[in-house]
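Structure first, commentary second.
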């Protein structure tokens, strides 16, 4: 890798950072599923498989070699307990990782109608590890109380779930369910973001000790090797599934060759 290329790879976008952070959480030999309208998790799964999880099975809705008949067989796989990882998001996410994919505002007269659960209720019950993600981070998206509860990570005693929620990944950091009550707490911030900034953009308490909580670590920035693999390898495969996203974020690299470190 040339020095010029190393310098270019030292800068990265928010989307690239989120892809790298999610990819690091994925393990070899896992069965990883990615649903609709999820280019960042899709890229993360492909990046993990290209780097450290080469024996992982990755199923991305919309890929040319999707091995299932529609989505029914995919959910059958999940309900048999054979899905290790899945990614969910929501217009709203609360302090317990419950998500709203149905509506914003009053139920009788909503301000916005959303697409609906799309199987997320089944996913939360049957998948072993769930990652939530949002590409923005603000109080409206992380309220104390949801306008509508679409899917929940836990139903209380006597209701069986798989292992459940791992964490929530946003452009500002990572929140994880810490403690016996399962409430989300700030676990890490992205470089350059202070814990108080994350709290100020979150509608529920993140459990900080103070505004400058030094116990909250920074996430390790994406490495040059991660970014090179993402831009010069993964982007080509991602283009087959999410062509507009790939063009927007990796258009300058789509004609490039794989960078050898």
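The values are calculated or read from the model by the stated rules, or taken from the named source; none is laboratory data. The structure displayed is predicted, hence computed values, not measured ones. Methodologically, a virtual Cβ is constructed for each residue, glycine included, from the backbone with ideal geometry; neighbour enumeration extends over all protein chains shown.
Would you check if there is a residue in the range 130-145 being modelled with pLDDT of 95 or more, surrounded by fewer than 18 Cβ atoms within 10 Å (Cβ to Cβ) and under 22 Å from residue 36 (Cα atoms)?
Yes, the range 130-145 contains a residue that is modelled with pLDDT of 95 or more, surrounded by fewer than 18 Cβ atoms within 10 Å (Cβ to Cβ) and under 22 Å from residue 36 (Cα atoms).
Looking at 99, 93, which one is touching a residue at least 60 places away in the same chain (Cβ under 8 Å) and farther than 15 Å from residue 32 by Cα?
Only one candidate passes the filter, namely 93.
Output the number of residues of the range 147-177 satisfying the condition of being surrounded by fewer than 18 Cβ atoms within 10 Å (Cβ to Cβ) and modelled with pLDDT under 90.
Going through the range 147-177 one residue at a time, the tally reaches 11.
Out of 117, 167, 179, I need the residue that is in contact with a strand residue (DSSP E or B) (Cβ under 8 Å, 6 or more places away or on another chain), within 20 Å of residue 39 (Cα to Cα) and in a loop (DSSP other than H, G, I, E, B). Which one?
From the options 117, 167, 179, the qualifying one is 117.
Find the residue count for the range 89-106, including only residues that are surrounded by 23 or more Cβ atoms within 10 Å (Cβ to Cβ) and under 22 Å from residue 74 (Cβ atoms).
Number of matching residues: 2.
Going through the range 26-37 one residue at a time, which ones are without any contact (Cβ under 8 Å) to a residue 60 or more places away in the chain, closer than 16 Å to residue 242 by Cβ and out of contact with any helix residue (DSSP H, G or I) (no Cβ under 6 Å at 6 or more places or on another chain)?
Within the range 26-37, 37 is the sole residue that qualifies.
Of all residues in the range 90-114, count the ones that are touching a strand residue (DSSP E or B) at 6+ places or on another chain (Cβ under 9 Å) and part of a loop (DSSP other than H, G, I, E, B).
10
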